[in-house]
Amino acid sequence: MQEATFYYLAAASVASAFFAVTRRNPVHSMLWVLALFLHVAGIFLILGAEFLAAVQVIVYAGAILIFYLFVLMLLDLPGEEARPRFGVHWPFAVVAGLSLGALAWLAQMEPLVIEKAAVAGGGAAADTPELGSLENLGTQLFGPFALPFEMASLLLLAAIIGAVVLAKKRAPAS
Amino acid sequence: MTISMNTILGLSALLFGIGMFGFLARRNIILMFISVEVMLNAVNLSLVGFSWHMEDPRGQVLALFVIAVAAAEAGIGLGLVIALNRNKPGAGVGDLTELKW
């Protein structure tokens with residue numbers, strides 16, 4: 001049952017990614033990307049990352065994608081559907097995508113043998129929380145990952161200020 | 001038909017290849033950004049897969065950081081798109097051939 005669900009989600013996410021990059025109408029592309037994000041969230045659930053699946057739906061599908069849609073509608077691109085879908089160099093892009101995909105595909109052909117690393121923070125406790133639980137992730141974020149976590153907040157602050165400065169109307173030149 | 005780490009990595013590779021094709025081939029700047037999001041999602045998928053395989057939450061923490069960076073990238077990128085659009089309507093990268101106008 002779980003396997004069947006996984007393979008359905010995998011096939012559907014590949015199909016929706018393909019449609020997302022090939023549709024002529026940008027809004028259709030966005031909707032296919034939404035389908036991709038939701039299917040990937042389903043795969044996260046199967047892989048035991050419950051919190052990350054929720055973040056994927058709320059932040060990616062809920063916030064980032066809506067932001068893209070807002071800008072798309074703000075720009076109001078007339079005649080976008082009449083323009084050529086791809087640049088004239090698109091066969092090269094196909095070759096590049098295929099060769100990168102094939103390279104990664106070949107790299108994963110051999111069965112992986114990975115030693116399970118000792119979980120930082122000690123997994124020896126009798127009541128170890130579940131892998132993808134909020135408790136587990138929060139302990140990591142505020143423990144060994146505290147510095148990167150704060151840096152991420154700084155990065156987001158810089159991005160907010162940068163976006164406001166970039167999109168602001170310029171004062172008339174003096 | 002069991003889920004193995006190899007399957008997850010293969011799926012991630014496929015998604016990354018599709019996103020890369022989209023980024024290189026599309027000429028609409030917003031759709032290029034969307035292709036970048038597809039690639040970031042592929043990377044997240046492999047990070048979560050490794051986390052699941054090794055039963056180590058650190059992969060998921062890294063995926064969270066990737067999501068934060070994706071949000072920052074979307075904000076800056078779309079701010080740039082709006083600024084460009086003010087100077088030159090349209091979202092085709094083929095029209096943007098000058099650094100200053």
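The values are calculated or read from the model by the stated rules, or taken from the named source; none is laboratory data. The structure displayed is predicted, hence computed values, not measured ones. Cβ coordinates were reconstructed from backbone atoms using ideal geometry, including for glycine residues, and neighbour counts include every protein chain displayed. All accessible areas refer to the heavy atoms of the entire protein, side chains included, with ligands and DNA or RNA removed. Shrake-Rupley method; radii C 1.70, N 1.55, O 1.52, S 1.80 Å.
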Exercise. Measure out, as a whole number of angstrom, how far apart the alpha-carbon centroids of the stretch A:31-96 and the stretch A:1-16 sit.
Key: 18
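Count, for each residue of A:94-104, the Cβ atoms from other chains sitting within 10 Å of its Cβ, then give me the mean as a whole number. Let's see the in-between values first.
On the way: counts 4, 2, 6, 12, 4, 2, 6, 12, 3, 2, 9.
Counting Cβ atoms of other protein chains within 10 Å of each residue's Cβ and averaging gives 6.
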Quiz prompt | With all protein chains modelled, accessible area of B:Arg86 [1.4 Å, Å²] | solution = 110
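Using only protein heavy atoms and a 1.4 Å probe, how much accessible area in total is buried between A and B, to the nearest 100 Å²? Walk me through the numbers on the way to the answer.
Numbers: alone 14050 and 7250 Å², together 14300 Å².
In total, this chain pair buries about 7000 Å².
With a probe of 1.4 Å, find how much accessible area the stretch B:28-89 has per residue, and write the answer as a whole number in Å².
On the way: 1830 Å² over 62 residues.
Value for the stretch B:28-89: 30 Å² per residue.
Measure off, as a whole percent, the carbon and sulfur share of the 1.4 Å-probe accessible area of the protein assembly as shown, all protein chains present. Don't skip to the answer; put the middle values down first.
On the way: 10270 of 14300 Å².
Exposed carbon and sulfur together represent 72 percent of the surface.
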Quiz prompt | Per-pair calculated FRET efficiency, R0 = 35 Å: A:Ser99 and B:Lys88 via Cβ, rounded to 0.05 | solution = 0.55
Self-check item: Local net charge near B:Ser4, Cβ-Cβ under 14 Å (Lys/Arg +1, Asp/Glu -1)
Solution: -2
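Kindly sort B:Met32, A:Met109 by accessible area of their heavy atoms, largest first, with the probe set to 1.4 Å.
Working: B:Met32 25, A:Met109 110 Å².
Highest to lowest solvent-accessible surface, that is A:Met109, B:Met32.
Restricting to DSSP H runs of at least four residues, report the calculated mean residue ellipticity at 222 nm for the protein assembly as shown, -39500 (n - 2.57) per run over all residues, nearest 500 deg cm²/dmol. Intermediate results must be reported in sequence, preceding the final value.
Numbers: 10 runs with 185 residues, N = 275.
So the calculated ellipticity at 222 nm is -23000 deg cm²/dmol.
Residue separation times 0.36 nm, minus the C-alpha to C-alpha distance between A:Lys168 and A:Arg83: what's the value?
Working: separation 85, 0.36 × 85 = 30.60 nm, distance 2.90 nm.
Gain on stretching A:Lys168 to A:Arg83: 27.7 nm.
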Self-check item: Members of the stretch B:24-43 that become less accessible by 30 Å² or more once partner protein chains are added (1.4 angstrom probe, chain alone as reference)
Solution: B:Leu24, B:Ala25, B:Arg26, B:Arg27, B:Asn28, B:Ile30, B:Leu31, B:Ile34, B:Glu37, B:Val38, B:Asn41
Quiz item: Under the Karplus relation 6.51 cos²θ - 1.76 cosθ + 1.60, θ = phi - 60°, what is the ordered set of whole-Hz ³J(HN,Hα) values for the stretch A:14-22, x standing for Gly and Pro?
Solution: 5, 5, 6, 5, 4, 5, 4, 8, 10
Quiz prompt | Test item: A:141-154 mean partner chain Cβ contacts at 10 Å | solution = 2
Quiz item: Mind checking the angle between helix B:5-25 and chain B's longest principal axis? C-alpha axes, 0 to 90 degrees, to the nearest 10.
Solution: 10
Exercise. Can you tell me how much longer the chain between A:Glu3 and A:Leu106 gets when fully stretched, taken as 0.36 nm per residue apart minus their C-alpha distance, in nm with one decimal?
Key: 34.8 nm
Quiz item: So if R0 is 41 Å, what FRET efficiency would A:Ile160 and A:Trp90 give, r being the distance between their Cβ atoms, rounded to the nearest 0.05?
Solution: 0.70
